[in-house]
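Only the coordinates and a few stated rules stand behind these numbers; no lab work does. Just so it is clear, the structure is predicted and the values come from calculations on it, not from any experiment. Because the Cβ atoms are built from the backbone with ideal geometry, glycine has one as well, and the counts that use them run over all protein chains shown.
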Amino acid sequence: MKRINLTYILQFIFMLLSALLMGFALSYSQIGSLKYTFSTVTETYVGMYLITSLILFLVYLGFYAIFNRFFYSTALFYVFFGIYAIANRLKVMYRTEPVLPSDLIFLKSFKELVSMVSSKIIIIMVIVLGIIIFSSILLEKFFGKKMLHMKWWLRIVLMIIPVITIGSFYSANDESSVVTNILNKAGRSEFTPNLMWETNSNGPLITFLSNIHVKVMDKPDGYNEAKIDSIVKKYKNVATEINKSRPNNDVNKQTLIFVLSESFADPTRVPNVKLNQDPIPNVRQIMKNNTSGMMLSSGYGGGTANMEYMSFTGLAFNQFSKSLQTPYVQLVQNQKNPENITNQFENKNAIHPYIGNFYNRSSVYNRFGFQTFRNTDSTGSLALHYTDPEDGSQYISDASAYKDVTWQVNQVKQGQFISLVTMQNHMPYYNNYQGNNFKASGSGVGKNAKQVANFAKGLNLTDEATQSFLDELNKINKPITVVFYGDHLPGIYDGNSMRKYNVSEHETEYFIYSNKYAIDHNMGTTKLNGNAAITDPNGFIPLTYQQMKEKVTPFYALLTKIQEDAPAMAKSTVGNSESLYVNKKSGKKISYKDLTASQKELLNDYKLIQYDLTAGKGYSNKLDFTK
């Protein structure tokens, strides 16, 4: 009897030590340094580490209760949280942010998600997981009968406890909740301006659970119907002034194309990176002769849909709460009539040469009012017409994607809005392009010189295809304007410090181009003067309307003032502020406190309207602010 009890005690000790070990592993997956991880869990944030370990222990017990087999539950515990730790480490490395509940949407596209991970990592994971599973089967076979087998009532209790514990985190952001009080007493870090810093302190599990319940935006001070009414009146007057010099009042007579070029960002502009030749000579020339500049991105290595959301809506990602990490997944799904540029067009069509449910695009595009969405999942009359990849690439080429856009342009006699999100230059960058003569060097590439060279070759192919695409549009006798932009840098410059190069590593190239017919018929221009050198995705709408010489709505008048007078803005992952502000003239980072009084007032108007359109009462909609 004593021997059996000792076995049970040893089981309990093993489970407790496993929870502590996995808690350490999760913290390491976030911090990436054994030294600082050890310091965090033993000195600075011991309480958060112990709470993380307690949750892991309760989940371990829950697994045990489900199987009632010690070695099977142990295998599941290590496999499940091992995969979580690896996923979190990869996301931190490539995107500088932890795994969040909104990322679970990608499990619907698991096959495609795995294809973006290095085959070496997958092979190692499969081998390690295989060893764990095989070992658990053998151990259960030879020693399982000696382990504790629980009675049914105890199993039910142990299954319920972790469910209640995890469910309690729904109120983790409620100041008066029990779980908030417990976390605060345990030393929870609430460094609101920076999610990464907060997660480094609290651990990825606590951050994940604390973001189960999403708060769209904090209610701005002074938000009420009267205040929104005054803002609406103000920008109706601004719109009237702007429209005096705009000759065109029907955007449906024009074709507007948004091209989000996956990861398009000039490597030669990245600090400490050198290439043996220019990868984008055509785009460089296009930018020289047309409206162009740098776009301040809210992502690094990922976050495509967030830049897409901002370009469509004109709303700033950095003004949302930190728990809202993916508006497509967490916000748009719950909106009835979300404000976006397609509302201005009678015909609107989307093209994405990849699966349609990444970031819930199929559902989101439907909410946005797109009439067609061509992707690799669509069939019949909605199928993509061109699907050839480049030699050595796993994705459909940009050349093929542009052909589909040109086809769509010719399907509508009048104007239309077309969105293209490309895939050719998406990670991973292990392509075997034919005739790749690019070579990368410099401390900024770290260990990824080969990947940077492959990426540069992909950009070069995009460069050639983009020039051919614009040449084709110039042959079409109707006004067409193209907004071309890279969504973020690829996450391959691991030799650079994000803290040191925060601005430059969040800037991508963009240009706005009007075809010959548009310019000849006073529906487009070549190069805009003013604050176009640096923008953000939410600045594309006002810049494009100015390029097309189109009259603006009161909302677009507000966006125009933001584009002209406010700094470029983005979500920040480093530093002591949630927002990264960049002076549009100097290109340097600027703090909010250094803004002028008029800039602060303008940003306050912007924030109030954004809250009203997304989380508030929608007062502005009743006043035709967006029409």
Mind checking the angle between helix 46-67 and the chain's longest principal axis? C-alpha axes, 0 to 90 degrees, to the nearest 10.
70
Using bins 5 angstrom wide from zero, how does P(r) for the range 2-210 break down, in % of all Cα pairs?
1, 7, 13, 17, 18, 17, 13, 9, 4, 1, 0
Label-point separation in nm, Leu6 to Lys185, each point 7 Å along Cα→Cβ
3.9
Please give the residues of the range 245-272, grouped as numeric ranges, whose backbone N is less than 13 Å from a label point set 7 Å along the Cα-to-Cβ vector of Ser504.
266-272
In nm, the gap between the two label points placed 7 Å beyond Cα toward Cβ at Gln335 and Gln371 is 2.2
How long is the range 259-406 along each principal axis, judged by its Cα atoms, biggest number first, in Å?
50, 41, 29
In nm, to one decimal, how far is the Ser245 label point from the Asn436 one, both placed 7 Å along Cα→Cβ?
4.8
Between His385 and Lys413, 0.36 nm times their residue separation minus their Cα-Cα distance comes to what?
8.1 nm
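Taking the range 378-466, which trypsin sites (Lys or Arg not before Pro) meet the DSSP loop condition and have no more than 14 other C-beta atoms within 10 Å?
Listed in order of number, the matching sites are Lys413, Lys439, Lys447.
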Long-range share for the chain, i.e. C-alpha pairs more than 39 Å apart as a percent of all pairs, stands at 35
Any chance you could list P(r) for the range 304-375, counting all Cα-Cα pairs in 10 angstrom bins from zero, rounded to whole %?
19, 57, 22, 2
Ranking Phe77, Thr466, Asn425 by how far each Cα lies towards the positive end of the charge dipole of the chain (+1 on Lys and Arg Cβ, -1 on Asp and Glu Cβ), the top one is Phe77
Where does the range 266-351 land on Rg(C-alpha)/(2.2 N^0.38 Å)?
1.42
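Once Rh is set to the Kirkwood radius over Cα pairs, what Stokes-Einstein translational diffusion coefficient, in µm²/s, holds for the range 430-502 at a temperature of 20 °C and a viscosity of 1.002 mPa s?
Working: Rh = 14.7 Å.
It diffuses with D of about 146 µm²/s by this estimate.
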If the chain between Asp494 and Tyr592 were fully extended at 0.36 nm per residue, the gain over the current Cα-Cα distance would be 32.4 nm
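Extension gain Ser321-Lys617, at 0.36 nm per residue separation less the Cα-Cα distance, in nm?
104.8 nm
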Relative to the longest principal Cα axis of the chain, at what angle does helix 554-565 sit, 0 to 90 degrees, rounded to 10?
90
Candidate lysines for bridging to Lys120, where Cα separation is under 25 Å - those fewer than 8 sequence places away on the same chain excluded:
Lys91, Lys108, Lys111, Lys439, Lys447, Lys450, Lys457
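Quick check on the range 226-280: what does the Kirkwood estimate of hydrodynamic radius come out to from the alpha carbon pairs, in Å?
Values: mean 1/r = 0.0608 Å⁻¹.
Averaging 1/r across every pair of different Cα atoms and inverting gives 16.4 Å.
Let's see if you can work this out: charge +1 on each Lys and Arg Cβ, -1 on each Asp and Glu Cβ, no other charges. What is the dipole magnitude of the chain about its Cα centre, in debye to the nearest 20? Kindly include the intermediate steps, with their values, before the conclusion.
Numbers: 62 positive and 47 negative charges, 238 e Å.
The calculation lands at about 1140 debye.
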